[in-house]
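Chemist: This is the structure I want to talk about, given as structure tokens.
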Amino acid sequence: MSYPQVKSFTTVFKKLLIALSGLGLVGFVVVHLLGNLTLLRSDGAAFNAYAAKLESFGPLLAVAEIGLLAIFLIHIVTVLTTKKRNLDARPVAYRQWRSKGGDTPSNLSSRNMAVSGSLILLFLGIHIWQFRFGPGMSQGYIATQGQEQIRDLYRLVVETLKNPVMFLFYSVVMILLGLHLRHGIWSALQSLGMTRSRTTTPLRLLGAILGVLLGVGFLIIPAWIYFGASI
Ligand code: HEM
């Protein structure tokens, strides 16, 4: 293979990796949202039971977490190396934002993928530290389920999201997540070769609908807790 052929093979391979890892993350986000919607049940028992059920999977959960971390890393590293290569090739950015032509849209979501992606990454660091590695039963976060004592994760989430700074931070990130997914889903389907002239509009609509549904779905949770829930 000649050098330009190797280069274009690498580019296509990286685009596929970004698309597949991105869609894998969308899958996680959908499942995470469905689980988190139990937070809307007022006494917290449903959410704590859900979290305890996950915890009971033990080593299987650890394997899933390592897999998820690997998918996140693949997504982030591939995006960053592709971005660096593009910057090396074109150090001066275009002065005007415009659609690259054809089917690629230029809009608020597509132009701000780096900003929304970076803030989601910052959010994830804080979020996992707060909840996954946050206080547990030994720090007094204890709920009862029948005869059993389980971690009162509901209390931790409610205490966290009742803080106005955290409420605002979560709300902004959930909007950015919706925007990131709106363009990301469409872009991933395009990279996988699913967009033909007839499917372009429906698939773009699919990306937009899923982005809005997931963004709004996640946005409801901090709002519900901040304005309504009590412990
Ligand atoms: C209102 C929004 C959200 C709430 C209330 C929430 C809640 C939680 C809670 C309670 C945990 C700890 C689970 C446990 O330890 O069993 C968790 C873990 C996690 N969350 Fe969220 N989450 C939200 C949004 C998000 C979003 C938008 C993402 C991704 C973009 C995300 C990614 C994660 C990840 C990767 C973990 C660690 C999973 C694990 O290690 O098992 N979360 N979340």
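Chemist: Largest first and in whole Å, what are the equivalent-ellipsoid semi-axes of the chain based on the Cα gyration tensor, each being the root of 5 times an eigenvalue?
Modeler: Working from the Cα gyration tensor, I get semi-axes of 38, 20, 16 Å.
Chemist: Still on this structure: Could you run the Karplus curve 6.51 cos²θ - 1.76 cosθ + 1.60 with θ = phi - 60° over region 15-27 and give me ³J(HN,Hα) per residue in whole Hz, x for Gly and Pro?
Modeler: Working through the residues one at a time gives 4, 5, 4, 4, 5, 5, 5, x, 5, x, 5, 4, x Hz.
Chemist: Still on this structure, please answer the following. Multiply the residue separation of LEU213 and GLU148 by 0.36 nm, subtract the distance between their alpha-carbon atoms, and state the gained length in nm to one decimal.
Modeler: Once the chain is fully extended between LEU213 and GLU148, it gains 19.8 nm.
Chemist: Oh, and also: Can you figure out the FRET efficiency of PHE28 with TRP224, using R₀ = 22 Å and their beta-carbon distance, to the nearest 0.05?
Modeler: Details: r = 22 Å, r/R0 = 0.99.
Calculated transfer efficiency: 0.50.
Chemist: Quick one: in region 119-231, what % of C-alpha pairs are over 17 Å apart?
Modeler: 65
Chemist: Can I ask one more? Normalising by the residue count of region 2-76, find the relative contact order in percent from Cα pairs under 8 Å and 6+ residues apart.
Modeler: 43
Chemist: Hey, another quick one. Just to be sure I understand the model, the point goes 7 Å from the Cα along the line to the Cβ. What's the resulting VAL12 to ASN163 distance in nm?
Modeler: The answer from the label model is 4.9 nm.
Chemist: Enumerate the calculated ³J(HN,Hα) couplings along region 33-43 in order (Karplus 6.51 cos²θ - 1.76 cosθ + 1.60, θ = phi - 60°), each rounded to whole Hz, writing x wherever the residue is Gly or Pro.
Modeler: For region 33-43, the Karplus-derived couplings read 5, 4, x, 5, 5, 5, 4, 6, 7, 5, 8 Hz, x marking Gly and Pro.
Chemist: Counting only pairs 8 or more residues apart or on different chains, how many lysine pairs in the chain have their Cα atoms under 16 Å apart? Each step should come with its number before you reach the end.
Modeler: Values: LYS7/LYS15; LYS7/LYS83; LYS7/LYS84; LYS14/LYS83; LYS14/LYS84; LYS15/LYS83; LYS15/LYS84.
Taking the chain as the scope, the lysine pair count is 7.
Chemist: Okay, next question. Any chance you could give the angle, 0 to 90 degrees and rounded to 10, that helix 45-55 forms with the longest Cα principal axis of the chain?
Modeler: 60
Chemist: Which FRET efficiency, nearest 0.05, do THR38 and ALA89 yield, Cβ-Cβ r, R0 41 Å?
Modeler: So the FRET efficiency works out to roughly 0.30.
Chemist: Okay, next question. Between VAL77 and LEU205, what is the FRET efficiency for a Förster distance of 25 Å, r being their Cβ-Cβ separation, to the nearest 0.05?
Modeler: That gives a FRET efficiency of 0.25.
Throughout, read-outs are computed from the coordinates displayed, never taken from laboratory work. Please read these numbers as outputs of a predicted model, since none were measured by experiment. Glycine also receives a Cβ, built like all others from the backbone with ideal geometry; neighbour counts cover every protein chain displayed.
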